């Protein structure tokens, strides 16, 4: 177990970034109220960030006694592996790592967040990926998803990540923001909602590139159709097998919850602030940029398998050493 946790924590370095309410009246929200949404006991967890933002309506309308909102994925991982949690929203590549390290005892139920990474700068020199050539980029997340995403985008645009740019890896997002403030025309890769938080503190920071859109450009050009995926919802296989109705009810309510986050920005922001995920004002500005979504079934498998293949091609350790089997994808 110590060896497993050590490997997982190494892979998690930097991906805690993925961890992104006007007043909301529960009686006026979509769907039935209270425990009628979900029957049976359910222990739920999510990261404070985009992976939790789509859950707030469900949390506010369903009776789930045990909900953990964690600051980092290493708070969730051991509890899930040891059976202390049933369902959790986690980074996409971590889901594959957990599947491999538990010999298939973790299944993915849905994709809940697409790309949340952005390139920002304290100048006005970057308007395309090509403009990054010869530049210095500040980022956190070395050895995890941010590094793989940046490396893929650069190389696919003809830029050698080792020779054509200088990437300075920081341990925290705040260090990247400090570099933006200290250096003229500095460039950094940051996630939402941290981008919004940084811009609120420094009006000179501008969003230069949406890496989700850059990823989509590459996907549309070739045979491989792979979305940039940040977060997914996973469950213990044993829990799924023993509680099939609860899982189905959860997914139905979760889809409604995502729709609420996408269509009622004020109400969702209020709940996000209420649950301490991020401040309400930040949530209101960041929500449209967090790419919250709900993909299940065939859409889930097509999107996630393509994304994991790209990560595997760059570094097999990113997905736990090998691609997960078909049983990784929950079909309902």
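Restricting the search to the range 128-148, which residues are modelled with pLDDT of 90 or more and under 15 Å from residue 215 (Cα atoms)?
Selection gives 128, 129, 130.
Among the residues of the range 257-288, how many are in contact with a helix residue (DSSP H, G or I) (Cβ under 7 Å, 6 or more places away or on another chain), within 23 Å of residue 109 (Cα to Cα) and in a helix (DSSP H, G or I)?
Adding up the residues that qualify gives 6.
Residue check, residue 227 against (1) within 16 Å of the chain's Cα centre (by Cα); (2) at pLDDT 90 or above, all met but one. Which one?
Only one criterion in (1) within 16 Å of the chain's Cα centre (by Cα); (2) at pLDDT 90 or above is unmet by residue 227, namely (2).
Could you check, for the range 232-242, whether at least one of its residues is in contact with a strand residue (DSSP E or B) (Cβ under 7 Å, 6 or more places away or on another chain) and not in a strand (DSSP E or B)?
So far as the range 232-242 goes, yes, one or more of its residues are in contact with a strand residue (DSSP E or B) (Cβ under 7 Å, 6 or more places away or on another chain) and not in a strand (DSSP E or B).
Scan the range 129-156 residue by residue and report those that are closer than 25 Å to residue 317 by Cβ and surrounded by fewer than 16 Cβ atoms within 10 Å (Cβ to Cβ).
Residues satisfying the conditions are 142, 155.
Scan 145, 207 and give me the residue that is under 30 Å from residue 256 (Cβ atoms) and not assigned by TED's automatic domain parsing to the domain that holds residue 256.
None of the other options fit; the residue is 145.
Quick check on my filter: what residues within the range 179-195 are assigned to a helix (DSSP H, G or I) and either within 16 Å of the chain's Cα centre (by Cα) or not assigned by TED's automatic domain parsing to the domain that holds residue 140 (or both)?
The answer is 194, 195.
Checking the conditions here, which among 276, 231, 267 is within 28 Å of residue 139 (Cβ to Cβ) and surrounded by 14 or more Cβ atoms within 10 Å (Cβ to Cβ)?
So the residue among 276, 231, 267 that is within 28 Å of residue 139 (Cβ to Cβ) and surrounded by 14 or more Cβ atoms within 10 Å (Cβ to Cβ) is 231.
For residue 96, which of the numbered conditions (1) closer than 16 Å to residue 228 by Cβ; (2) modelled with pLDDT under 95 fails to hold?
(2)
Please go through the range 215-228 and pick out each residue that is crowded, with 21+ Cβ neighbours inside 10 Å and in a helix (DSSP H, G or I).
215
Filter the range 85-136 for residues that are in contact with a helix residue (DSSP H, G or I) (Cβ under 8 Å, 6 or more places away or on another chain) and assigned to a loop (DSSP other than H, G, I, E, B) and give the result.
85, 86, 102, 104, 105, 115, 116, 122, 125, 126
Has the range 49-59 got any residue that is on the phi > 0 side of the Ramachandran plot, modelled with pLDDT under 90, surrounded by 20 or more Cβ atoms within 10 Å (Cβ to Cβ) and under 21 Å from the mean Cα position of the chain (by Cα)?
Yes, the range 49-59 contains a residue that is on the phi > 0 side of the Ramachandran plot, modelled with pLDDT under 90, surrounded by 20 or more Cβ atoms within 10 Å (Cβ to Cβ) and under 21 Å from the mean Cα position of the chain (by Cα).
How many of the residues making up the range 160-178 are outside any strand (DSSP E or B) and surrounded by fewer than 19 Cβ atoms within 10 Å (Cβ to Cβ)?
11
The values are calculated or read from the model by the stated rules, or taken from the named source; none is laboratory data. From a predicted model like this one, the values you see are computed outputs, not experimental measurements. Cβ atoms come from the backbone with ideal geometry, glycine included; neighbour counts cover every protein chain shown.
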